[in-house]
Amino acid sequence: MEKRARILSEIGKEKIIAILRLTKKEDVFPVAEAMIQGGIRNLEITANTPGYLEAIHQISQYFPEINIGAGTITNETETREAISAGAQFIITPIVNTAIIKEAHLSDVPVIMGAFTPTEIEKAHRNGADAIKIFPASGVGTDYLKAIAGPFPKIKMVPTGGVNKENMREWLECGAYALGVGGSLLDKDLIASRSFYELTQKAKSYLHVLRETE
């Protein structure tokens, strides 16, 4: 429980989880490094990224100060494999309570994907450490404000459609942290291997965060 609470607290403090959903194995490490050099401290590597388990292991060894998580996890087997590789948190797109049980055996927190009030309550009741509101792009910040009413103590992590322009609004509406993907990890910059520009982009996101504090 101590490790779980620490990781969750660090995610809440840093606010941004950068989502690495890449198509080429050789891009994962340099993109992760670019994010880290830009100040990002929480990275999610999705299970549909080629070589994601190897990448989790490698990055966790090179950058032990960073929280590396596994995303798009849908079952217990993937959960075990990710944790064995070094994942420090698990993120799912769905409600699967077996994942929570499996991760908690290793004191690893789970940010569980849910959307409706019923899904959110079920995930929370079964021990999810936070809720990934997905896809957030389809509902906007008004939805987060609405569901915060009946669920004031649940940690919400909007994901999908979060960008530099709306980050502050999401946080002002009560988001615990934010899952940020394509708006931060620009596909064109990755394709051209413009890693310095990715680092600068990460810094610009963190600058916006500092303005909200």
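Odds and ends about this structure:
- Within the span defined as the range 155-162, one or more residues are among the small types (Gly, Ala, Ser) and within 15 Å of the chain's Cα centre (by Cα).
- Count of residues meeting criterion [touching a strand residue (DSSP E or B) at 6+ places or on another chain (Cβ under 9 Å) and surrounded by fewer than 23 Cβ atoms within 10 Å (Cβ to Cβ)] in the range 1-14: 6
- Scan of the range 100-127 for residues that are hydrophobic (A, V, I, L, M, F, W, C) and either out of contact with any helix residue (DSSP H, G or I) (no Cβ under 6 Å at 6 or more places or on another chain) or surrounded by fewer than 24 Cβ atoms within 10 Å (Cβ to Cβ) (or both), ordered by number: 100, 105, 108, 111, 115, 120, 123
- Residue within the range 185-199 that is under 19 Å from residue 69 (Cα atoms), in contact (Cβ under 8 Å) with a residue 12 or more places away in the chain, of a type in the set (A, V, I, L, M, F, W, C) and part of a loop (DSSP other than H, G, I, E, B) present: yes
- Cross-chain or 6+ apart pairs with Cβ under 8 Å, the range 121-141 first and under 17 Å from residue 177 (Cα atoms), then surrounded by fewer than 23 Cβ atoms within 10 Å (Cβ to Cβ) and basic (Lys, Arg): 129/4; 129/155; 130/155; 131/155
- Residues satisfying the stated conditions in the range 150-168, i.e. under 16 Å from residue 139 (Cβ atoms) and loosely packed, with under 15 Cβ neighbours inside 10 Å: 150
- Some residue of the range 29-39 being closer than 17 Å to residue 79 by Cα and crowded, with 17+ Cβ neighbours inside 10 Å: no
- Selection of the range 40-73 for residues being of a type in the set (Asp, Glu) and crowded, with 24+ Cβ neighbours inside 10 Å yields only 44.
- Screening the range 169-195 for residues that are of a type in the set (Ser, Thr, Tyr) and within 20 Å of residue 210 (Cβ to Cβ) and picking the one that is surrounded by the fewest Cβ atoms within 10 Å (Cβ to Cβ) gives 183.
- Qualifying residue in the range 25-37 (condition: within 14 Å of residue 88 (Cα to Cα) and touching a residue at least 24 places away in the same chain (Cβ under 8 Å)): no
- Once the range 116-128 is narrowed to residues that are in a helix (DSSP H, G or I) and of a type in the set (A, V, I, L, M, F, W, C), the residue that is nearest to residue 147 (Cα to Cα) is 120.
- Condition met for residue 94 (buried (at least 17 other Cβ atoms within 10 Å of the Cβ), free of Cβ contacts under 8 Å to residues at least 24 places away in the same chain and not charged (D, E, K, R)): yes
Bear in mind that the values in this text are calculations on the coordinates, not laboratory data. It should be emphasised that the depicted structure is a prediction, and the values quoted were computed from it without experimental measurement. So basically every Cβ, Gly included, is an ideal-geometry build from the backbone, and we count neighbours across all protein chains shown.
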